[in-house]
């Protein structure tokens with residue numbers, strides 16, 4: 001019988017939950033480009049955004065200078081229901097890999113929504129409630145964001161209308177039922193409820209939907225329903241701001257226990273988890289106080305950073321949203337049907353896009369069978385069954401730890417473990433059965449998406 | 001906007017995880033009846049049990065006198081990966097019910113297996129490994145125990161063969177895939193791998209299987225495969241012993257924060273959760289040091305305590321297991337197909353059966369629509385999506401809290417919240433759609449089960 005190591009989790013006290021969010025834009029020399037109006041190509045004003053977003057969230061969206069924004073007490077109290085989240089030393093993974101690297105993971109899956117998305121959902125629901133609104137609309141793909149928002153709205157007694165990509169609605173009924181249990185209405189998208197939905201259904205009678213299309217529907221309903229606003233679970237500056245709670249706790253845990261990370265790795269779909277995790281560390285790097293390597297990991301089937309264009313593009317298929325400057329594959333890009341889990345958005349957070357453009361972080365694209373191989377390896381020794389999204393980061397962390405084994409370097413690696421894979425067992429089943437395949441779009445595939453990117457030069 | 005209360009979780013430090021399990025039998029004046037050999041009707045000896053169970057687990061099974069049994073360091077280290085579990089004050093539920101009662105829940109769902117089952121799975125896997133065994137077999141119904149055991153075996157690099165009730169294997173493929181991800185082999189039961197499986201398949205060609213039948217198969221494989229033993233996730237004394245970690249932590253948290261429970265409520269299938277939760281408190285009651293009310297909650301569709309017979313019966317359909325004295329509905333009793341979730345075992349822990357028989361605890365049977373009503377209520381305010389099993393306890397806790405509202409009494413209620421409902425969304429979907437129904441067996445239905453109970457008078 002082998003000698004078993006002692007795993008340890010670094011728990012902070014409730015009192016160590018940060019009392020402010022950190023706004024990395026305050027420390028960025030090159031600010032992220034603003035959202036612009038597609039007609040005027042001018043930066044959107046507060047007033048122009050008001051029909052879409054809650055007032056306080058617009059203020060946060062536009063605020064480029066305030067480094068620390070206090071977290072309201074009501075949100076802090078909710079955070080206390082599942083935070084602080086543990087930073088765990090992955091001793092069994094290290095042992096399995098026989099690496100001198102030190103691997104830690106910040107685990108955001110210990111709440112019913114199963115992911116970090118709740119950190120922003122509760123904030124957005126709070127500000128909507130505070131503004132006296134009746135409800136909010138949103139879109140969801142794999143369902144993590146929709147679930148988190150349904151929980152948050154249930155807590156604050158807000159109505160919640162979720163437009164769920166049709167293929168997920170039909171093939172992933174369980175997340176749909178979690179949302180319904182929390183009282184949300186869930187509609188498959190494209191629906192016949194909205195003008196844009198009817199148009200898309202007429203043009204593509206058998207479409208299984210896309211995230212970009214569901215966003216268009218949710219925005220249409222929010223702007224045409226009294227007392228409603230639209231909320232989004234990633235990409236936006238405000239979302240990265242809320243998610244900074246992940247990075248702030250990670251930094252506090254590192255400080256408390258004398259851990260000095262060399263590499264911080266997170267998966268990147270729209271960028272909310274990665275942005276939240278790295279923000280406070282990036283702040284130090286931007287201020288010249290410390291240096292870290294940051295690695296964004298994306299699927300090879302949806303490679304926004306590694307193969308996308310840095311340009312203004314629409315955030316949604318129906319072009320009802322503002323335009324954002326970001327790494328994008330084109331607003332009508334849809335990943336291959338064999339792509340599992342989330343991380344299928346065509347664009348990327350403007351903040352992260354700017355940081356990447358400025359050479360302040362790296363990006364890597366990985367194929368899904370290698371991701372599930374890493375997921376299984378991790379699950380078997382560390383216990384947690386990771387979400388496919390999170391497993392992208394695990395894959396690259398393992399790769400980096402194996403490099404350390406070759407070089408003998410004792411690097412410290414932090415993984416953003418965004419959530420659990422309980423609702424992704426169809427994908428695990430494919431992997432277990434050996435029927436999962438990889439897909440890498442050809443340059444020609446990508447060229448079609450790029451062709452739809454509008455030609456905006458500001 | 002209403003005033004939001006501050007929820008709080010009572011976390012213990014890692015150092016406060018108990019270092020010994022508590023064996024309630026040591027304090028019982030009327031000991032639970034021993035397992036007997038079906039041929040001789042004599043109590044099973046250590047040697048007779050050796051082909052079935054691991055040696056150390058047999059010692060624990062037979063030990064009626066040692067009050068505290070030290071937890072080996074390797075198991076404690078594993079416990080540290082997900083323990084201590086929080087005792088949470090359900091302030092939002094109290095607010096919703098407008099009750100003077102104080103409600104707390106001990107939440108065991110924060111691990112990948114999603115339930116308390118891991119507490120015993122890791123212990124059983126450890127002793128199997130320590131004995132130099134190659135692998136273990138077991139059965140699983142809804143899949144919580146199988147998942148927990150697969151995780152534990154993966155951790156200790158043991159082979160794990162799970163016989164899964166066929167209807168669950170087919171209708172709940174996701175838990176099956178979690179087990180496979182952790183490296184277990186999962187076979188639908190009845191299978192053609194075993195003599196008993198072939199016999200049952202021949203007699204009932206379209207059978208969807210039962211827990212009692214899967215147990216028979218798992219025992220047959222364990223006893224006929226070199227280096228294998230059988231392990232069971234509930235009912236047995238050893239399992240209640242391991243699960244006492246729940247009650248010991250609960251007691252420590254109560255002591256630390258000055259909470260004096262009046263009523264402790266848990267769901268009861270085979271009894272492992274309830275037994276583990278109440279043991280240390282029951283010990284105080286047995287020693288005359290304190291008084292508590294204990295309530296076992298079972299489904300009205302499988303009412304072992306409230307309508308069963310206290311008698312020696314077989315633990316499995318195939319009658320390959322020893323016989324136990326317990327409250328039983330008869331070893332071939334199968335709950336109606338509309339019964340959701342676990343808690344479908346025909347029998348009950350001998351320890352709990354004796355305590356109930358001696359008037360030391362109460363039992364209540366509840367119908368499933370009222371259970372899901374309670375589950376939804378709880379989820380919406382407390383955040384956690386409870387397992388259907390756990391929701392039985394929530395139902396009765398709510399009923400007791402509403403009684404307090406009538407009487408004005410400030411009773412303190414502790415709920416054993418055994419796990420999460422992520423893999424039970426088919427049942428939630430039925431509830432959400434209003435198509436869930438209740439089923440209460442008639443006296444005639446029960447009489448058929450009782451007829452199969454052997455006539456053993458010792």
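We did not get these values from a lab; they are worked out from the coordinates using the rules stated. What you see is a predicted model, and the numbers here were worked out from it, not measured in a lab. With ideal geometry, Cβ positions are generated from the backbone for all residues, glycine too; neighbour counts draw on all protein chains shown.
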- [ ] Could you please state, rounded to a whole Å, how far the C-alpha centre of the stretch B:326-390 is from the C-alpha centre of the stretch B:12-36?
- [x] 22 Å
Open item on the list: Please compute the average number of Cβ atoms from other chains found within 10 Å of each residue's Cβ in peptide A:379-388.
Closed with: 5
Task: Inter-part distance where the stretch B:247-300 and the stretch A:429-458 are each reduced to a Cα centre, Å - done: 56 Å
TODO: Would you mind checking the tilt of helix A:388-407 against the longest principal axis of the Cα atoms of chain A, expressed as 0 to 90 degrees and rounded to 10?
DONE: 30 degrees
TODO: Starting from a label point 7 Å past Cα on the Cβ side, list the distances from residue A:358 to the same position in the other copies, nm, shortest first.
DONE: 7.1
TODO: Sort A:257, A:126 so the one with the fewest other Cβ atoms within 10 Å of its own Cβ comes first.
DONE: A:257, A:126
- [ ] Could you calculate the FRET efficiency of residue B:439 with residue A:167 from 1/(1 + (r/R0)^6), where r is the beta carbon distance between them and R0 is 41 Å, rounded to 0.05?
- [x] 0.70
TODO: Would you calculate the separation in nanometres between label points at residue A:358 and residue B:225, each defined as 7 Å from the Cα along the Cα-to-beta-carbon direction?
DONE: 5.9 nm
Task: Alpha carbon convex hull of the stretch B:76-140, projected area averaged over orientations, nm² - done: 6.3 nm²
Open item on the list: Defining the label point at 7 Å along Cα→Cβ, can you sort the distances from residue B:206 to the same site in each other copy, shortest first, in nm?
Closed with: 3.4
Open item on the list: I need the peptides B:430-443, B:222-235 ranked by packing, meaning the mean over residues of other C-beta atoms within 10 angstrom, with the highest value on top.
Closed with: B:222-235, B:430-443
Task: Calculated SAXS-style log₁₀ I(q)/I(0) at q = 0.32 Å⁻¹ - the stretch B:141-182, Debye, Cα scatterers - done: -1.13
- [ ] Can you bin the protein assembly as shown into rounded, prolate or oblate? Criterion: square roots of the alpha carbon gyration tensor eigenvalues sorted a ≥ b ≥ c, rounded for a/c under 1.5, prolate for a/b above b/c, oblate for the rest.
- [x] prolate
Open item on the list: Show log10 I(q)/I(0) for the stretch A:50-189 at q = 0.11, 0.12, 0.14, 0.21 Å⁻¹, two decimals, from a solvent-free Debye sum over equal Cα scatterers.
Closed with: -0.51, -0.59, -0.75, -1.22
Task: Packing-based order for A:271-278, A:182-189, using average beta carbon neighbours within 10 Å, highest first - done: A:271-278, A:182-189
Task: Crossing angle, helix B:118-130 versus chain B [Cα axis fit, 0-90 degrees, rounded to tens] - done: 40 degrees
Task: Shielding by partners - mean other protein chain Cβ count within 10 Å, residues of A:172-180 - done: 5
Task: Kirkwood-based shape ratio for the stretch A:324-458, expressed as Rg/Rh from alpha carbons - done: 1.01
Task: Cβ-based exposure ranking for A:151, B:282, in which fewest neighbours within 10 Å come first - done: B:282, A:151
- [ ] With a 10 Å radius around each residue's Cβ, average the other Cβ atoms per peptide and rank A:20-32, B:61-73, highest first.
- [x] A:20-32, B:61-73
Open item on the list: Using a 10 Å cut-off around each Cβ of peptide B:71-82, what is the average number of partner chain Cβ atoms that fall inside?
Closed with: 3
TODO: Counting helices only, and only those DSSP H runs with n ≥ 4, report the 222 nm mean residue ellipticity of chain B as the sum of -39,500 (n - 2.57) divided by its residues, in deg cm²/dmol to the nearest 500.
DONE: -12500 deg cm²/dmol
- [ ] Order by neighbour count: A:428, A:163, fewest other Cβ atoms within 10 Å first, most last.
- [x] A:428, A:163
TODO: Evaluate the distance, in nm, between pseudo-label points positioned 7 Å from the Cα of residue B:256 and of residue A:412 along their respective Cα→Cβ axes.
DONE: 2.7 nm
Open item on the list: One quarter of the convex hull surface, Cα atoms only: what value does that give for chain B in nm²?
Closed with: 21.1 nm²
Task: Across the identical copies, how the residue B:451 labels are spaced - nm, sorted shortest first, 7 Å along Cα→Cβ - done: 7.5
Open item on the list: Can you compute the FRET efficiency between residue A:451 and residue A:41 using 1/(1 + (r/R0)^6), with r the Cβ-Cβ distance and R0 = 22 Å? Round to the nearest 0.05.
Closed with: 0.65
Open item on the list: Relative contact order of chain B, please, whole-number percent, based on alpha carbon pairs below 8 angstrom and at least 6 residues apart.
Closed with: 19 percent
- [ ] On a 0 to 90° scale, report how tilted helix B:272-286 is relative to the longest principal axis of chain B, with both axes built from alpha carbons and the result rounded to the nearest 10.
- [x] 60 degrees
- [ ] Sort the stretch B:310-366 into rounded, prolate or oblate with this rule: let a ≥ b ≥ c be the square roots of the eigenvalues of the Cα gyration tensor; rounded if a/c is under 1.5, and if a/c is not under 1.5, prolate when a/b is larger than b/c, oblate otherwise.
- [x] oblate
